[in-house]
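Okay, structure first, notes after.
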Amino acid sequence: MKTALTVAGFDPSGGAGLQADLKVFQAHGIYGLSCVSALTAQNSAGVRGVMPVEPAFLDKQLSVLLSDMRPDAVKTGMLWSGENIDILVRAIKKFRLKNIVVDPVMLSSSSRPLAGKGLWEALRDRLLPFCAVITPNIHEASVLSGTKIKSIDDMKKAAVLLHAMGPECVVITGGHLTENATDIIYDGRFTILKGRKLTGEYHGTGCRFSAAITARLAQGYDAHDAVKGAKTFMRLSFKKTFSTGRGMRMFVV
Ligand code: PLP
């Protein structure tokens, strides 16, 4: 049995964060492990509160777990602070963790900041060099690359800049670009994945995409094939959603 670890935020609505990651791992036949970086108070309409876990306790969760179990892949979601990133980077080095996928979470769909102090510098300078795949949306890619993204060409330029920061493979998801939902993969060469923008709001889309990539890395696919497979997983996921509560739709699996 292959295993994957998520280091992410807790979402009581079950649609995003570590709950979403565990469900996606399970859907891929991967046994899920999880360390929680922050608790959130949220429902289908949005995030109302964040309570970061004491950094020393995140450290404890990681060291107790990893001194016993070695995941085949790791993903990070909402890490919240630069301090948490430093704790994770220490664990990556100490336990020689591989197949690391970073979803650089910035804002919830309801525009609540999900990034605390020192996060961006730590992410860029200290976590990206260890990363197999990074999955920013266009807002996150703009902040990380320090460029404005208004077109596919801008996405390509940002992808090259982010790739130079260390990750093997950069995927910029274009769902927030108004005219289409085209994703760009850059791993030294470009692959353009054309998409069709769906109407409606879905909870945890970004979390699930990066979790599907992580599950596929754990299964042994290379980064490029893992990303393409995850895109197919997402296309199928969008066919099975439901509404509970007043806000965003939830994915069934
Ligand atoms: N809550 C947590 C814990 C998350 O990690 C994320 C995104 O990564 C969200 C909420 C945001 O989900 P959504 O974009 O669907 O609001």
(message) Could you give each residue of region 183-198 its phi-based ³J(HN,Hα) in whole Hz, using Karplus coefficients 6.51, -1.76, 1.60 with θ = phi - 60°, and x for Gly or Pro?
(response) 9, 10, 9, 9, 10, x, 9, 8, 10, 9, 10, 6, x, 10, 6, 8
(message) With +1 on the Cβ of every Lys and Arg and -1 on the Cβ of every Asp and Glu, and nothing else charged, how large is the dipole of the chain about its Cα centre, in debye rounded to the nearest 20?
(response) 540 debye
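Past 19 Å, Cα to Cα, is the threshold; run 94/228; 60/94; 75/194; 150/194 against it and keep the listed order. Don't skip to the end; give the middle numbers.
Values: 94/228 31 Å; 60/94 14 Å; 75/194 25 Å; 150/194 16 Å.
94/228; 75/194, as the Cα separations exceed 19 Å there.
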(request) State the antiparallel share, in %, of DSSP beta bridges confined to the chain, rounding to the nearest 5. (result) 45 percent
(request) Heavy atoms only, probe 1.4 Å: what % of the accessible area of the chain goes to carbon and sulfur, would you let me know? (result) 53 percent
(request) Would you mind computing Rg(Cα) / (2.2 N^0.38 Å) for region 102-253, counting N as its residues? (result) 1.01
(request) On the full set of protein chains, 1.4 Å probe, figure out the accessible area of residue 80 and give it in Å² to the nearest 10. (result) 50 Å²
(request) Compute the normalised compactness of region 62-115: alpha-carbon radius of gyration over 2.2 N^0.38 Å, N being the residue count. (result) 1.27
(message) List the residues, sorted by chain then number, that are 5 or more residues from residue 197 or on another chain and whose placed amide H is less than 5 Å from its amide H.
(response) 181
(message) Need one number for region 170-253: average projected area of the convex hull over its C-alpha atoms, nm².
(response) 5.8 nm²
(request) Enumerate by residue number the GluC sites (Glu not before Pro) in region 159-253 meeting two conditions: DSSP loop (anything except H, G, I, E, B), and at most 14 other Cβ atoms within 10 Å of the site's Cβ. (result) 179, 201
(request) Find the eigenvalues of the gyration tensor of the Cα atoms of region 27-105, then list the square roots of 5 times those eigenvalues as equivalent ellipsoid semi-axes, largest first, in whole angstrom. (result) 22, 16, 11
(request) Find how many whole Å separate the alpha carbon centroid of region 1-57 from the alpha carbon centroid of region 194-212. (result) 17 Å
(message) Run lengths n ≥ 4 of DSSP H only: what is the helix-derived mean residue ellipticity at 222 nm for the chain, with -39500 (n - 2.57) per run over all residues, to the nearest 500?
(response) -11000 deg cm²/dmol
(request) Mind grabbing the base-10 log of I(q)/I(0) for region 1-42 at q = 0.20, 0.26 Å⁻¹? Debye formula, identical points on the C-alpha positions, no solvent, two decimal places. (result) -0.53, -0.81
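Please give the length that would be gained between residue 110 and residue 157 if that part of the chain were fully extended, namely 0.36 nm times their separation in residues minus their C-alpha to C-alpha distance (nm, one decimal).
Working it through step by step, the gained length comes to 14.1 nm.
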(message) Can you compute the charge dipole magnitude of region 112-247 about its Cα centre, using +1 on each Lys and Arg Cβ and -1 on each Asp and Glu Cβ, nothing else charged? Give it in debye, rounded to the nearest 20.
(response) 520 debye
(request) Using a cut-off of 10 Å between beta-carbons, work out the net charge of the residues near residue 195 (Lys and Arg +1, Asp and Glu -1, residue 195 not included). (result) +4
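The values are calculated or read from the model by the stated rules, or taken from the named source; none is laboratory data. Keep in mind the model is a prediction, meaning the values are calculated, not measured. Note: ideal-geometry Cβ built from the backbone for every residue, glycine included; neighbour counts use all protein chains shown. When the accessible area is computed, the model is the full protein with side chains, heavy atoms only, and any ligands, DNA or RNA have been set aside. Shrake-Rupley method; radii C 1.70, N 1.55, O 1.52, S 1.80 Å.
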